[in-house]
Amino acid sequence: NISMKRNILLVLLSVLLLSAGWLGLSGLSSLVALVPLLIISENLGPSRRDWWRMCGLAAICFLLWNAVTIWWVWIATPIGPITAAIVGSFYNLVAFMTYHYTVKRAPRALAYTLLVTLWIATEWAYTSADVMTFPWLLLGHGFSGDVWAVQWYEFTGNLGGSLWVLLSNIAIFEAWHNRSRWSVVRAGVVVLLPIAVSLAMYWSYKPSERLVKVSVMQPNVDCYEEKFSDNATWQMQNIGDLFSSVPRDTRVVVLPETALPERLNDDKPLQSGNILTLRELVEEQCADAMVVAGASTIKFYPKGVAPSETARRGDGYYYD
């Protein structure tokens, strides 16, 4: 029917607005991205049937948001995006469906308070949980392409961005719902004041007079076909070739995660052949530089030594 078609269109609009910040577009669209869901909630009643309708529509929205933005994890592990989508959507549903239930039975201010606090709390839990952490789609992370608008993150962190998104959506929804001059002004203040503060910080920033030359190195290695195959020698030769382009007055050289192909002994990492090779390259090309490189390490627990809680079982030993 017409009502269902309208709700589906609102859900798809919400998905597009939520996803923009993770697709190379501006994350400012997230400031209004939840408004379509709030409109759907407003048009549904307090019945159990309507609660399940809202739950289904919100679940579709959050699952599609995950699918649109983290589908690429499938290339590394199919279970990854599926698990992340289910867990992340569950957290989002806890906050939104609590809001929907409350707004039908209690003052609107209480419902808004629960929406904000539960959403922030579940984002914090997603970041801190020991069992499952994949905080990719925290609302505050959507502004990676709009750093000029969130300079105040230095004080609040990304959860401050999530708070801004939630308050902006609520304020804009209230302006749509009430259509009063005060609600429009309030929405404008909530949306624009943080941007104004950020721009003031952005334009007043003065870099240090002391300059340090940094070289960032990115080996071109196929991470699915070559990275973890038996070609460690070639990968180190590749890094050596890249070092030949590093300026001699460089003070910091940065390599990516797993740049060193050899798994290092966690107890004696500096005795690795790759580490020794890396040191030789630095001494030859940029002797005064500090090198930051990612590597995989392994720690063995021989028989008779108590392993850690995270250790895996090997053939007669445990290891991390």
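The values are calculated or read from the model by the stated rules, or taken from the named source; none is laboratory data. None of these values were measured; they are calculated from a predicted model. Using ideal geometry, Cβ is built from the backbone for each residue, glycine included, and neighbour counts are taken over all protein chains shown. Ligands, DNA and RNA are stripped out before the accessible areas are found, and what is left, the full protein with its side chains, is counted by its heavy atoms. Shrake-Rupley method; radii C 1.70, N 1.55, O 1.52, S 1.80 Å.
Brief remarks follow.
- Over region 122-209, relative contact order from alpha-carbon pairs under 8 Å, at least 6 apart, %: 29 percent
- For region 198-292, size of Cβ-based charge dipole, Lys and Arg +1, Asp and Glu -1, in debye: 540 debye
- The residues Arg105, Arg312, sorted by heavy-atom accessible surface at 1.4 Å with ligands and nucleic acids left out, run Arg312, Arg105 from largest to smallest.
- Rolling a 1.4 Å probe over the protein heavy atoms of region 13-89, with every protein chain left in place, gives an accessible area that is 76 percent carbon and sulfur.
- Bridge type composition, region 167-320 - antiparallel percent by DSSP, nearest 5: 30 percent
- Looking at the chain alone, DSSP beta bridges between its own residues are antiparallel in about 30 percent of cases.
- Thr133 sits with roughly 70 Å² accessible to a 1.4 Å probe, with DNA, RNA and ligands left out of the calculation.
- Remark: the Thr297-Lys213 segment gains 27.4 nm on full extension, using 0.36 nm per residue and subtracting the alpha carbon distance.
- Short-range pairs are left out: with C-alpha atoms under 8 Å and at least six residues apart, the relative contact order of the chain is 12 percent.
- With DNA, RNA and ligands ignored, accessible area of Tyr112 (1.4 Å probe; Å², nearest 10): 30 Å²
- Qualifying lysines (Cα of each under 29 Å from Cα of Lys5; at least 8 residues distant if same chain): Lys104
- Over all other residues within a Cβ to Cβ distance under 12 Å of Val221, the charged ones net out to -3, with Lys and Arg as +1 and Asp and Glu as -1.
- GNM remark for the chain: springs join alpha carbons under 10 Å apart, and the peak mean-square fluctuation among Thr77, Thr127, Thr102 falls on Thr77.
- Among 69-75, 144-150, the order from most to least packed when residues are scored by Cβ within 10 Å on average: 144-150, 69-75
- The listed residues Arg53, Arg186 rank as Arg53, Arg186 when sorted by accessible area, largest first, using a 1.4 Å probe.
- Spin-label pair Glu154/His177, simplified geometry with 7 Å Cα→Cβ offset, distance in nm: 3.7 nm
- Solvent-accessible surface of the chain, taken per residue with a 1.4 Å probe and all protein chains present: 59 Å².
- Subtracting the Cα-Cα distance of Ile79 and Tyr205 from their residue separation scaled by 0.36 nm leaves 41.0 nm.
- With R₀ fixed at 35 Å, the C-beta to C-beta distance from Asp288 to Trp72 puts the FRET efficiency at about 0.35.
- Straight-line reach from Lys268: taking Cα to Cα under 27 Å and skipping same-chain neighbours fewer than 8 places apart, the lysines in range are Lys227, Lys299, Lys303.
- Placing a label point 7 Å from the Cα of Ser308 along the Cα-to-Cβ line, the residues of region 270-284 whose backbone N sits under 18 Å from it are 270.
- Accessible area per residue was computed with a 1.4 Å probe on protein heavy atoms; Val184 scores about 90 Å².
- Our coupling estimate for region 283-289, obtained by passing each phi through the Karplus curve with A = 6.51, B = -1.76, C = 1.60 and θ = phi - 60°, is 4, 6, 9, 8, 4, 8, 8 Hz, Gly and Pro reported as x.
- Element breakdown for region 181-245 at a 1.4 angstrom probe: carbon and sulfur atoms account for 59% of the accessible area.
- Using alpha-carbon coordinates, inclination of helix 181-204 to the longest axis of the chain, degrees: 20 degrees
- Shape call, region 15-91: gyration tensor on alpha carbons, a/c limit 1.5: oblate
- Amide hydrogen neighbours beyond the local backbone of Val291, cut-off 5 Å, H modeled: Val253
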